[in-house]
Amino acid sequence: MIKTLGDSPKLRIIDFFLDNPLFDFTKKEVIEALGMSKQTLYKYFPDLERYGIIEVSRKIGRAKLYRINLRHPLIEMLREYEKKISLQIAERERVAVKL
């Protein structure tokens, strides 16, 4: 998705959660996984949470864990987009192998 839509911090965060839809993460884990600065995550994360793209899945003590909201219309569209792009890439590779 990043290759086709660009490498913005918000897209990187969304892409990370889309790649791990069954898991939840603390903000610190997201920062470490993406190699993103704390300042960058804290700048963009509130928008994703406010619009319901990322949601709190549970709390452990004072720590909040987050996961992607798979029911959000934007996320549904992005998952469909990812599936179509993957099929296109697979088809190109299949054709290239035959040549």
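Packing-based ranking of 10-21, 38-49 yields 10-21, 38-49, ordered from highest to lowest mean Cβ neighbour count within 10 Å. Summarising the label geometry, the points placed 7 Å from Cα in the beta-carbon direction at residue 40 and residue 99 lie 3.6 nm from one another. Only lysines eight or more places from residue 28 in sequence, or on another chain, were considered; those with a Cα closer than 22 Å are 10, 38, 43, 59, 64. The alpha carbons of the chain occupy a box of 57, 27, 20 Å along the principal axes, longest dimension given first. Each Cα pair under 8 Å and six or more residues apart adds its sequence gap; the mean of these over the residue count of the chain is a relative contact order of 25 percent. In this simple spin-label approximation, residue 5 and residue 86 carry label points 7 Å from Cα along the Cα→Cβ vector, and these lie 1.5 nm apart. The stretch 45-99 and the stretch 8-34 have their alpha-carbon centroids 10 Å apart.
Laboratory data are not the source of any read-out in this text; all were calculated from the coordinates shown. Here the structure is a predicted model, which is why all the values come from computation and not from measurement. Cβ: placed from backbone, ideal geometry, glycine included. Neighbour counts: every protein chain shown.
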